[in-house]
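No value in this document is a laboratory result; all are computed from the given coordinates. Since the model is a prediction, treat every value here as computed from it, not as a measurement. A quick note on method: Cβ atoms are made from the backbone with ideal geometry, for glycine too, and the neighbour counts reach across all protein chains shown.
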Amino acid sequence: MSKIATEETNHTSPSTHQPQQIDKVLLPHEAAAFLGLTEEQLMNATLQGNCPGACIDGQWRFSQRGLSKYLLQQSNHGNGMPWLDEHYGPYWLDDAVESKAKKVIERYQAGERYFPLLEIEGGNFAGLDLTGIDFWESNLKGSSFERATLKNAVFVGCNLESTNFAGADLTDADFRSASVRGGDFRGAILNRTIFRVRSWRGVNLDGAQISLAKF
């Protein structure tokens, strides 16, 4: 087993690295665009208590995470909102795992980075450059990210049991509150990687390059 190196305390100079944001606060026009609504439709839904938002000092603000959960809930309840197909149809239909993973890859290559709440057990993302991808609270159990480039990737709250990260570059990746039980990190680059996970048993770190990681 490789020796686990935690963050150093004897720096000779302060680090300029800043922890990445794990939520994004949206203005009304940004929230409306995220949901595929007009601002009027958004505010009507919010004032009726159907859409999550907060009025702070007279200004409405919306959590991107909260809106993602809202979309998922509405999709699961089948309320006939037409914009849901565009946002979640590629992920939540009964597609095969290979098809779901392929759609995520295609969307990523088209410039999208935010893929929350996915259900892709056993997905194959091996060898890909997925820098900055955000899988917040997704179920990726048994998936393969072997030799993938995952710098600044977000796996906050994910189910990553038995997931393969062997040889992956996880510099500045964020695994907070994830389950990585049985995960394979052999030979992975764990530079400033944030773990602080909820389940760690059976993780293999043999040969991992660990520097300033937070466990």
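Of all lysines in the structure, the ones whose alpha carbon falls short of 20 Å from that of K100, not counting any fewer than 8 places away in one chain, are K69, K141. Put simply, when 158-170, 203-215 are sorted by average Cβ atoms within 10 angstrom per residue, most first, you get 158-170, 203-215.
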